[in-house]
Amino acid sequence: MFAILLFPVYILLNIYIVHRIINALKRCHDIFYKRWMKILISIIYGIFALSPIIGFVMPYGTHLKRISQRIANYWFALLIYAFFVVVIGHLLSLLLRRVLKVMPMDFFKRRKTTATGAIISLVLIATVSIYGMYNARDIRLTNYSVTVDKSVSNMEKMKVVLIADLHMGYSIGLDHIQKTVDIINAQNPDLVCIAGDIYDNDYNAIEEPDKMAKILGSIKSTYGTYACWGNHDVNERILSGFTFDFGGKKQHETRMYDFFEKANINLLADEVTLIDNKFYVAGRVDRDKPATENNKAKSPEELLEELDKTKPIITLYHEPDQLSELANAGTDLLLCGHTHDGQIFPGNLITKLSWENSCGHLKKGNMHNIVTSGVGVYGPYIRVGTHAEVVGIDVSFK
């Protein structure tokens, strides 16, 4: 529903940007005053502006839909910074001319000034966008060390690797997941955890699911790979990262259960497993979109109340909320994702205000909470001011 409400805003935003582009071009050369040229520019711009909608209406499972959706995701990335540059430039010209009055009123209408401004704007947009697209592909390793105040027989420490927000779909394909797996295996992990948002609302968008499952199945660890569901691991229509909620009960994709089996991934949906009689791994469903029979998620107390609290408890939960409740329920190490650390500047400033721990390590009582920025992307295929990451955690026991 939120996406539908944003649609008029999206249309007005594009009208504003193309209007500013044509005005700037007219001051650069007389040919852009011609009616046919303005129409041509508007048509070319309109095709890209409508690319998210074109991709949205294409039939599922077709190669054309995959291509159009990828174009749409790149376009949306360009649009974000085109908006920032155009608006800042517009406001700056009004400030200098009308408020501070340090420049003549016609200064920004002069051909040389306009041409210079247009070139600077294009260079800024292209530089930031290209960097962001490259940066989204550049998966980094982030390391943490934590100490759990519990003893484990015959084990003083273990290596846990955390990933989240794979968003396998039209942007994140085989090559990106292969890079992720290579980094994971290089850590020689004892345990691998996937904290939700494994696919991107549409199973049909996953590039060659059997090959993808085989790649994930090549993860090597002592105790295996465990995962929980995220808020995007439900069947919903999605447009440039925004989901369309038309009511009704949310459902997890049934084909994903077969996918997990092929990928050797142990799914924990409000479930707990005791591993080698040494430690627990618990997996919570997403509280906002649990997709359970009663459409509710278990509370931290309900999930963990019957466990032997002398043993370490590792909890996988997609969204980093209810931290106090999870700590009080007995969690020693809480592993989360969801925030993407904002993904696109200045989004990372907003997430820091929205979450107690938007990214990184936080100690909450006796519980360690680690939130990853994720390996994939949400909507636009771009990362600026944040990084795609695999998280390595050295866990020591007392």
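The values are calculated or read from the model by the stated rules, or taken from the named source; none is laboratory data. All values reported here derive from a predicted model rather than from experimental measurement. Here Cβ is always computed from backbone atoms with ideal geometry, including for glycine, and neighbour counts include all displayed protein chains. Just so you know, the surface numbers come from the protein's heavy atoms only, side chains and all, with ligands and any DNA or RNA stripped out. Shrake-Rupley method; radii C 1.70, N 1.55, O 1.52, S 1.80 Å.
Here are the numbers for the structure shown:
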{"item": "Candidates Leu316, Leu268, Leu304, Leu333, filtered to the one that is crowded, with 18+ Cβ neighbours inside 10 Å and more than 24 Å from the chain's Cα centre (by Cα)", "result": "Leu304"}
{"item": "Failed item, numbered, when Arg20 is tested on (1) under 24 Å from Ile67 (Cα atoms); (2) modelled with pLDDT under 90", "result": "(1)"}
{"item": "Residues of segment 134-153 satisfying the condition of being of a type in the set (Phe, Trp, Tyr) and either at pLDDT below 90 or assigned to a helix (DSSP H, G or I) (or both)", "result": "Tyr134"}
{"item": "Count of residues meeting criterion [more than 30 Å from Tyr203 (Cα to Cα), open to solvent by 60 Å² or more (accessible area, probe 1.4 Å) and either in contact with a Lys or Arg (Cβ under 7 Å, 6 or more places away or on another chain) or of a type in the set (Ser, Thr, Tyr) (or both)] in segment 12-69", "result": "3"}
{"item": "Candidate set: segment 116-133, residues that are polar (S, T, N, Q) and over 18 Å from the mean Cα position of the chain (by Cα); chosen: the one modelled with the lowest pLDDT", "result": "Thr116"}
{"item": "Strands (runs of 3 or more DSSP E) enclosed by segment 177-293 - at least 2 residues per element that are free of Cβ contacts under 8 Å to residues at least 60 places away in the same chain", "result": "265-267, 271-275, 279-283"}
{"item": "Boolean, Phe259 is over 26 Å from Gly379 (Cα atoms), buried (at least 20 other Cβ atoms within 10 Å of the Cβ) and in contact with a strand residue (DSSP E or B) (Cβ under 9 Å, 6 or more places away or on another chain)", "result": "no"}
{"item": "When residues of segment 154-176 are limited to those that are under 17 Å from the mean Cα position of the chain (by Cα), surrounded by 24 or more Cβ atoms within 10 Å (Cβ to Cβ) and at pLDDT 95 or above, the one nearest to His368 (Cα to Cα)", "result": "Leu162"}
{"item": "Filter result for Ala205 (surrounded by 20 or more Cβ atoms within 10 Å (Cβ to Cβ) and touching a Phe, Trp or Tyr at 6+ places or on another chain (Cβ under 6 Å))", "result": "yes"}
